[in-house]
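Q: Sharing a structure below in structure tokens format, with a few things to ask.
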Amino acid sequence: MTVMVKYMYPIYAEVDLVEGAVVRVAVDDEASSQAVEVLDGALDPVGPDVRDAALRVAESTLWPSWDYGW
């Protein structure tokens, strides 16, 4: 069983007003964030036991590289 642990981090978009373009996007990974939701495959909230188990894993193991976009 897999679930999604959702975190909220600030994302900054550097915008060039002359060119009308976004030139850089940065995730502020130095900002602290706690998990705000744990969701199942249909993106529905899970029960407290599954939530607790997911948070134990997410907060105690090494994460792989990040994927950007959904």
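Q: Out of residues 5 or more away from Glu37 or on other chains, whose amide H comes under 5 Å of its own, with H placed 1.01 Å from N in the peptide plane?
A: Result for Glu37 returns Lys6.
Q: Another one. Run lengths n ≥ 4 of DSSP H only: what is the helix-derived mean residue ellipticity at 222 nm for the chain, with -39500 (n - 2.57) per run over all residues, to the nearest 500?
A: Mean residue ellipticity, 222 nm, calculated: -5000 deg cm²/dmol.
Q: Still on this structure, please answer the following. Would you mind telling me the share, in percent, of accessible area of the chain contributed by carbon and sulfur at probe 1.4 angstrom?
A: 55
Q: For the chain, what are Rg and Dmax over the alpha carbons, in angstrom?
A: Rg, Dmax (Cα atoms, Å): 15.8, 52.
Q: What list of ³J(HN,Hα) couplings, whole Hz, do you get for the stretch 8-20 from phi and the Karplus terms 6.51, -1.76, 1.60, once you set θ to phi - 60° and write x for glycine and proline?
A: 10, 10, x, 10, 10, 10, 8, 10, 8, 6, 5, 7, x
Q: A further question follows. So, for the chain, what is the accessible surface per residue at a probe of 1.4 Å, expressed in square angstrom?
A: With the other protein chains kept in place, the chain gives 86 Å² per residue.
Q: Evaluate the charge dipole of the chain about its Cα centre and quote only its size in Debye, nearest 20, assuming +1 on the Cβ of each Lys and Arg and -1 on the Cβ of each Asp and Glu.
A: Charge dipole, the chain, about its Cα centre: 160 debye, nearest 20.
The values are calculated or read from the model by the stated rules, or taken from the named source; none is laboratory data. What you see is a predicted model; the values in this text were computed from it and never measured. FYI the Cβ positions are ideal-geometry reconstructions off the backbone, even for glycines, and counts take in every protein chain you see. Side chains are part of the model used for accessible areas, which takes the heavy atoms of the whole protein and leaves out ligands, DNA and RNA. Shrake-Rupley method; radii C 1.70, N 1.55, O 1.52, S 1.80 Å.
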